[in-house]
1. Who wins for biggest fluctuation among Glu53, Glu187, Glu155 in a Gaussian network model of the chain, springs between alpha carbons below 10 Å?
2. Per DSSP H run of n ≥ 4, the term is -39500 (n - 2.57); total these for the chain, divide by its residue number, and report the mean residue ellipticity at 222 nm rounded to 500 deg cm²/dmol.
3. FRET efficiency for Arg236 and Lys182, Cβ-Cβ distance as r, R0 = 35 Å, nearest 0.05?
4. Around Gln224, with a cut-off of 14 angstrom between Cβ atoms, what is the net charge of the other residues, counting Lys and Arg +1 and Asp and Glu -1?
5. At q = 0.09, 0.17 Å⁻¹, work out log10 I(q)/I(0) for the chain with the Debye formula, treating every Cα as an identical point scatterer and leaving solvent out; two decimals please.
6. Given Lys182/Lys232; Lys103/Lys146; Lys110/Lys146; Lys77/Lys132; Lys152/Lys182; Lys76/Lys110, which pairs have Cα atoms separated by over 27 Å?
7. Obtain the nm distance between the two label points defined at Glu155 and Glu133 by a simple spin-label model: each point lies 7 Å from its Cα along the Cα-to-C-beta direction.
8. Quick one: length gained pulling Ala223 to Asn107 fully straight, 0.36 nm per residue minus the C-alpha distance?
Amino acid sequence: MPEYPLLDLATQRPEPGHYVYRLFDAAGLLLYVGSTGNVWERFGQHAGRLRHEWWGDVDWPRAVIEVITFTACAGKKCLLPWHAMMLQREVELIQSLEPRHNKNSTNRCKSGRHQMTPANIYVQPEGGRTCKECRTQRWAALPKEKRQQYAKASEPSRAAWLEAHPEDRARRQAHKQTPEIKARAAEVQREYRNRPEVRERLNAQQRERRQRPAVQAKLREYAQKPEVRARKQEYRQRPEVNDRINEKQRERYAQRKGI
């Protein structure tokens with residue numbers, strides 16, 4: 001691993017160039033390794049826009065800034081050879097030193113608390129990877145109601161389960177066709193339809209459907225069929241039905257005449 005000259009922040013003011021920096025806390029623990037073309041601007045991002053929680057723990061006398069070159073960097077699109085050397089040096093330090101809060105090019109999870117070993121990697125359904133320990137901690141921190149809600153949402157629906165088990169679906173369908181089950185279902189349906197509130201709602205729905213023009217056209221067409229007209233004529237020939245029809249006609253006649 002090559003060695004680069006160091007920059008002393010106490011006596012030197014870094015100008016734009018190519019730098020790799022290491023930040024430590026008061027106990028000497030390596031917090032972060034980064035690279036930049038402008039040291040002060042990058043430090044301002046850590047403290048301001050990025051708002052890193054560990055920034056307040058940095059012990060500045062322990063900070064190490066390596067100078068790759070004092071040639072100004074053009075940013076992420078810089079084509080100078082020193083830019084590639086700077087990035088390579090950063091990756092080498094991250095992989096060898098494993099800083100606490102680096103998320104890229106490291107074997108730690110995004111929180112920086114756990115090693116991403118094969119046994120500690122959870123592969124998500126969409127293909128992403130996450131830390132099992134962090135996932136367990138987040139799950140334990142959720143309220144009980146939220147955990148129950150997530151657990152219920154993760155269960156496959158009944159339709160999806162039957163789709164995946166066609167033999168069970170066929171067995172259920174055959175069970176529903178047995179005489180005992182069909183008779184029980186018909187009895188339950190009759191009891192439900194005989195409830196006063198249910199009968200009132202069903203009658204209202206039927207009256208509303210009969211008022212639709214399309215339904216009325218179908219009813220008129222159905223009433224003109226010969227077999228339907230024959231059954232209607234036969235029904236009217238019954239004595240009790242004929243007497244009831246005549247009684248209603250007399251009542252309507254009396255109402256018109258005012259009797």
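1. Comparing Glu53, Glu187, Glu155 in the GNM, the peak value goes to Glu187.
2. Working: 11 runs with 136 residues, N = 259.
Helix contribution divided over all residues of the chain: -16500 deg cm²/dmol.
3. Values: r = 35 Å, r/R0 = 1.00.
The value I calculate is 0.50.
4. Values: positive: Lys218, Arg220, Lys225, Arg229, Arg231, Lys232; negative: Glu221, Glu227.
Local net charge: +4.
5. -0.72, -1.36
6. On the way: Lys182/Lys232 32 Å; Lys103/Lys146 29 Å; Lys110/Lys146 24 Å; Lys77/Lys132 36 Å; Lys152/Lys182 32 Å; Lys76/Lys110 23 Å.
Pairs exceeding the cut-off: Lys182/Lys232; Lys103/Lys146; Lys77/Lys132; Lys152/Lys182.
7. According to this spin-label approximation, the distance is 3.3 nm.
8. Numbers: separation 116, 0.36 × 116 = 41.76 nm, distance 8.04 nm.
Taking 0.36 nm per residue and subtracting the Cα distance, the gain is 33.7 nm.
Bear in mind these aren't lab numbers, they're just calculated from the coordinates by the rules spelled out. Keep in mind that this is a model prediction, so the values were computed, not measured. Note that we place each Cβ from the backbone using ideal geometry, even for glycine, and neighbour counts take in every protein chain shown.
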